[in-house]
Amino acid sequence: MARGRLLRATEQAFQVWLAEGDNAAALNLRPIKDQDYRCAYHFAGIYPGIQLWIRSSGYDVSSEDEDGKCWDWFISDDCAVEQRDDGSFCCRLAADPNEESFPTREAVWRSHLFEHLRKWVEQTLRRSHTLVLAGDKDSSTHAFLEPPEGRPGSGSMCKAIPLRTTDGAEGGGT
């Protein structure tokens with residue numbers, strides 16, 4: 001499948017998944033960009049520099065500073081869907097691709113990508129209170145999310161940004 005068509009198929013499957021049950025409420029996404037190779041969102045009520053990028057083979061969650069400079073990736077999840085001779089689908093990146101079987105490509109994406117994303121949002125992003133941008137802005141950088149109780153800093157901390165926007169709205173754009 002051509003890259004552009006695959007991205008559209010991945011994005012469409014993501015939109016269908018979002019519309020089911022309480023997935024949309026759990027992620028609470030707002031679209032911010034639509035590019036040739038991936039679509040991007042930020043999480044409403046969360047600092048807008050934390051962004052979700054949907055790609056043809058997966059997704060990334062990145063962090064940016066207030067100037068739009070990318071500091072780090074929190075999660076980068078990939079899925080290599082393969083159709084078997086019997087018509088079923090699997091992910092070649094699974095621990096044991098022979099142990100799984102899905103009826104459609106979209107079912108693989110749901111299991112290997114979308115459900116993992118929701119789990120990360122619920123267990124990590126929504127439970128954190130601060131985005132810490134660390135390192136040298138003009139060189140090596142990293143970011144991490146602090147839980148409410150915080151944790152000791154590591155290395156040179158450049159900036160701690162409250163994760164929640166004060167009004168619960170989308171915050172400024174990046």
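Please treat every number below as a calculation from the coordinates, not as lab data. Since the structure is predicted, the reported quantities are computational estimates derived from the model, not experimental observations.
For the range 1-105, the relative contact order comes to 15 percent (Cα pairs under 8 Å, sequence separation of at least 6). Along its first, second and third principal axes, ordered by size, the range 1-124 spans 50, 29, 25 Å in Cα coordinates.
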